[in-house]
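Step one of this worksheet: look at the structure below.
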Amino acid sequence: MDLSLTRTVTKLSDGRELIYYDETPGHDRSAPDRRDLPTVSTTSELRRDPLTGEFTTVAGHRQDRTFLPAADQCPLDPSRPGHPTEIPAADYDVAVFENRFPSLAGDTGRCEVVVFSSDHASSFGSLPVARIRSIVDVWADRTAELAQRSGVEYVYCFENRGVEVGVTLHHPHGQIYAYTYVPPRMQKILDVAIAYHESTGGCVACDALAEEKAEGTRVITVGEHFTAYVPHAGRWPFQVDIVPHRHVPDLPALTAAERDELAALGKDCVQRLDALFDGPMPYIGSWYQAPVATGRAESHLRWQLAALRRAPGKLKFLAGSESGAGAFMNDISPERAAAMLRGEG
Ligand SMILES: [Zn+2]
Ligand SMILES: [Zn+2]
């Protein structure tokens with residue numbers, strides 16, 4: 001699919017890439033980065049735990065990263081006289097740049113920051129649908145581009161929202177990690193999909209979606225191209241899975257009509273989460289898509305919003321059972337969560 005946005009690739013003063021995605025053509029993106037940034041030495045290292053077979057990325061340089069700066073010191077704002085930021089332009093629509101303090105770099109992959117808006121006080125759920133539509137295009141474009149890079153096995157687009165989930169910058173933004181291996185949760189999902197396909201000939205995600213739609217009690221919205229529902233065995237107090245009706249492997253495979261509906265439906269779901277309790281809902285928005293090279297036929301794209309507030313002032317913590325045993329306990333029934341998200345109290 002052709003990109004409807006105008007993409008301009010530039011470099012920051014320490015050599016990192018900055019990419020402007022403009023909704024209208026004709027912007028001058030030549031403003032130079034006037035900071036004299038030292039190159040951050042990245043010592044990221046992938047280590048395999050012999051007991052679990054899982055990888056840990058050790059990135060000691062990240063301890064020095066920016067942590068909740070004052071609003072007038074935000075590094076994601078447009079640059080203004082006396083306050084040069086990560087984005088030299090005086091305004092922008094969506095901007096993507098290589099993280100200055102990446103967990104993954106060089107041989108271990110790449111970390112990008114996706115800035116959703118130049119408006120510091122905005123949030124994903126309060127952006128216009130047209131902007132969210134642009135962000136969907138950016139996610140798809142980054143997925144396709146990062147998948148071309150040598151060694152990349154998985155592109156994970158996500159958003160951490162709220163200090164409760166460890167956000168270190170309030171400015172509305174998401175991140176993209178390009179891993180050189182398939183992360184364990186994605187590998188698990190893929191293994192299940194492949195086994196299901198071998199035994200039934202079908203797709204486990206297509207069948208689960210059909211069952212949720214038939215059962216109906218956990219469905220939040222059904223569109224023409226997507227359904228949003230709280231899964232039967234959801235792990236999080238308020239978990240919303242947004243699933244395409246068509247069996248598509250990844251974001252780049254979505255048509256323009258699908259992206260249009262996805263933007264409106266995604267905004268609606270985040271607004272429903274924000275409306276549940278007092279104040280913005282802390283959540284992790286994750287895109288589960290096909291790995292770069294394996295299991296593409298079996299993979300079914302999914303956007304999962306995992307919201308952590310279970311009641312006013314009460315957060316879900318990953319404690320003993322979840323962190324120590326990997327066994328999730330959910331205090332809110334998915335049926336009740338879905339009813340609340342539908343506005344049924
Ligand atoms: Zn800002
Ligand atoms: Zn499917």
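Quick one: Karplus J couplings for the stretch 54-60, per residue in order, coefficients 6.51, -1.76, 1.60, θ = phi - 60°, nearest Hz, x for Gly and Pro?
So the J values, rounded to whole Hz, are 8, 8, 10, 8, 9, 9, x.
For the stretch 190-328, what percent of Cα pairs sit more than 18 Å apart? Provide the component values of the computation, followed by the final result.
On the way: 5767 of 9591 pairs.
Counting every Cα pair in the stretch 190-328, those more than 18 Å apart make up 60 percent.
According to the square roots a ≥ b ≥ c of the eigenvalues of the Cα gyration tensor, what is the shape class of the stretch 299-345, taking rounded for a/c under 1.5, prolate for a/b larger than b/c otherwise, and oblate for the remainder?
Values: a/c = 2.17, a/b = 1.19, b/c = 1.82.
Since a/c reaches 1.5 but b/c is at least a/b, the shape of the stretch 299-345 is classed as oblate.
From Cα coordinates alone, what are the radius of gyration and Dmax values for the chain in angstrom?
Cα radius of gyration and Dmax of the chain are 20.1, 63 Å respectively.
Ordering 292, 152 from largest to smallest accessible area (1.4 angstrom probe), what's the sequence? Walk me through the intermediate numbers first.
Values: 292 45, 152 10 Å².
The ranking, largest first, comes out as 292, 152.
At 1.4 Å probe size, with no ligands or nucleic acids counted, give the accessible surface of residue 245 in Å², nearest ten.
50
Using the Cα centre of the chain as origin and beta-carbon charges of +1 (Lys, Arg) and -1 (Asp, Glu), tell me which of 15, 334, 217 is placed farthest towards the positive end of the dipole.
The Cα lying farthest towards the positive end belongs to 334.
Go through 218, 7 and list them by solvent-accessible area, largest first, probe radius 1.4 Å. Working shown, then result.
Details: 218 20, 7 105 Å².
The ordering from most to least exposed comes out as 7, 218.
Can you give the accessible area per residue of the chain, in Å², using a 1.4 Å probe? Don't jump to the answer; show the numbers that get you there.
Values: 15540 Å² over 345 residues.
Using a 1.4 Å probe on heavy atoms only, each residue of the chain averages 45 Å².
Kindly provide the helix-only [θ] at 222 nm of the chain, computed as the sum of -39,500 (n - 2.57) over DSSP H runs of four or more divided by all residues, to the nearest 500 deg cm²/dmol? Display every interim value, and only then the final one.
Numbers: 5 runs with 77 residues, N = 345.
Result for the chain, helices only: -7500 deg cm²/dmol.
Could you state how much accessible area residue 189 has, in square angstrom rounded to the nearest 10, with a 1.4 Å probe and all protein chains kept in place?
Number for this one is 80 Å².
For the chain, which cysteines have no disulfide-compatible partner, meaning no other cysteine Cβ under 4.7 Å?
74, 111, 157, 269, each lacking another Cys Cβ under 4.7 Å.
Would you mind getting me the FRET efficiency between residue 207 and residue 325? Use the beta-carbon distance for r and R0 = 30 Å, nearest 0.05.
On the way: r = 28 Å, r/R0 = 0.95.
Here the calculated transfer efficiency is 0.60.
Any chance you could tell me what percent of the C-alpha pair distances in the stretch 6-181 go past 25 Å?
Numbers: 5105 of 15400 pairs.
Percent of Cα pairs beyond 25 Å in the stretch 6-181: 33.
Not counting ligands, DNA or RNA, and with a 1.4 Å probe, what is residue 276's accessible surface area in Å² rounded to the nearest 10?
Probe radius 1.4 Å; accessible area of residue 276 about 30 Å².
Keeping every protein chain in place, order 317, 328, 124 by accessible area at 1.4 Å, biggest value first, i.e. largest first.
Of 317, 328, 124, the descending order of accessible area is 317, 328, 124.
Name the residues whose placed amide hydrogens come within less than 5 Å of the amide hydrogen of residue 154, ignoring near sequence neighbours (fewer than 5 apart) on the same chain.
179, 181, 292
The values are calculated or read from the model by the stated rules, or taken from the named source; none is laboratory data. Given the structure is predicted, the values throughout are model-derived calculations rather than measurements. No Cβ is skipped: glycine too gets one built from the backbone with ideal geometry, and neighbour counts run over all protein chains shown. Accessible surface areas use protein heavy atoms only, side chains included; no ligands, DNA or RNA. Shrake-Rupley method; radii C 1.70, N 1.55, O 1.52, S 1.80 Å.
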